[in-house]
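Chemist: Below are the C-alpha cells for one structure; questions will follow.
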Amino acid sequence: MADSSFDIVSKIDRQEVANAINQTQKEIAQRYDFKGVGASIESSGESIEIRANSAERALAVLDVLKEKLIKRQQSLKILDAGEPAASGKEFKIAIKLKEGITQEQAKKLAKLIRDEGPKSVKTQIQGDELRVSSKSRDDLQDTIALVKDADLDFATQFVNYR
C-alpha cells in the first residue's frame, strides 16, 4: 500500500480577513462608544493600521477586529499586533499579517512530530510547508490531533490529505 500524506501550512484566507475588516469598519461607524474618537481601521496588503484618539479606543478597535476574525474561523495567530504608539494627536496600532511557516518553525514542528507522534510518521520540509507521510492513515489522524493540541505560535492548516 502506498504512503498517505498531508501538508501542514500556515495560510491566510485574505477574503475572510478583508470581510472581518469591513465588518469592523461598519461596527466602528455605528457604535456609540466610538463616536467622536476618530477611530478607523485600514488594510494595505500585508498590514493593517488602527487609529484612534486614545490608546484605549485603539485597543477596543483591535478587540472588535479579533472578535470578527474569530466569527469567521480565522486564527488570531495570523495577527502580529504592536502596542499603541502616539503619533501626533492620535494613537496607531500597526498589525502585520503572518503567513507561511519559517524554516525554524518547520524544524520545531518536525521535531515535535518525531518525538511525540507515532513512530511510522515521516516529515519533510518543502519550502514554507511541512509534508507528513505514513503508511497508516490512523497515524496521520493522530499526528493532526497532536499538532492541533500543540501550543504553537503560528496558525496551522492541514491540506492535500490523500
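Chemist: Here's a check for you: in the range 2-20, which residue that is buried (at least 17 other Cβ atoms within 10 Å of the Cβ) and among the aliphatic types (A, V, I, L, M) is farthest from Leu69 (Cα to Cα)?
Modeler: Ile8
Chemist: Filter the range 82-97 down to the residues that are within 24 Å of Asp13 (Cα to Cα) and either at pLDDT below 90 or part of a helix (DSSP H, G or I) (or both) and list them by number.
Modeler: Answer for the range 82-97, where residues must be within 24 Å of Asp13 (Cα to Cα) and either at pLDDT below 90 or part of a helix (DSSP H, G or I) (or both): just Gly82.
Chemist: Looking at Ile70, Ile113, Ile41, Ile95, which is the one that is surrounded by 15 or more Cβ atoms within 10 Å (Cβ to Cβ), under 18 Å from the mean Cα position of the chain (by Cα) and under 30 Å from Asp128 (Cα atoms)?
Modeler: Only one candidate passes the filter, namely Ile95.
Chemist: Quick one: how many residues across the range 44-67 are surrounded by fewer than 19 Cβ atoms within 10 Å (Cβ to Cβ) and more than 20 Å from the chain's Cα centre (by Cα)?
Modeler: 4
Chemist: How do the pairs read when you match residues in the range 103-122 that are among the hydroxyl-bearing types (Ser, Thr, Tyr) with residues anywhere that are surrounded by 14 or more Cβ atoms within 10 Å (Cβ to Cβ) and part of a helix (DSSP H, G or I), using Cβ under 6 Å and keeping only pairs 6 or more apart or on different chains?
Modeler: Ser120/Asp139
Yes or no, residue by residue, for (1) in contact (Cβ under 8 Å) with a residue 60 or more places away in the chain; (2) in contact with a His (Cβ under 9 Å, 6 or more places away or on another chain); (3) within 30 Å of Val121 (Cα to Cα); (4) in a loop (DSSP other than H, G, I, E, B):
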site: Ser5; (1), (2), (3), (4): yes, no, yes, no
site: Ile12; (1), (2), (3), (4): yes, no, yes, yes
site: Gln23; (1), (2), (3), (4): no, no, no, no
site: Ile41; (1), (2), (3), (4): no, no, no, no
site: Val64; (1), (2), (3), (4): no, no, no, no
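Chemist: Can you tell me which of (1) under 22 Å from the mean Cα position of the chain (by Cα); (2) surrounded by 12 or more Cβ atoms within 10 Å (Cβ to Cβ); (3) closer than 24 Å to Ala18 by Cβ is the one Ile125 doesn't meet?
Modeler: So the condition that Ile125 fails would be (3).
Chemist: I'd like the full set of residues that are under 19 Å from Val37 (Cβ atoms) and not basic (Lys, Arg), limited to the range 61-80.
Modeler: Across the range 61-80, the qualifying residues are Val61, Leu62, Asp63, Val64, Leu65, Glu67.
The values are calculated or read from the model by the stated rules, or taken from the named source; none is laboratory data. Everything quoted here is computed from the prediction, not taken from an experiment. When we count neighbours, we look across all protein chains shown, and the Cβ atoms used for this are built from the backbone with ideal geometry, even at glycine.
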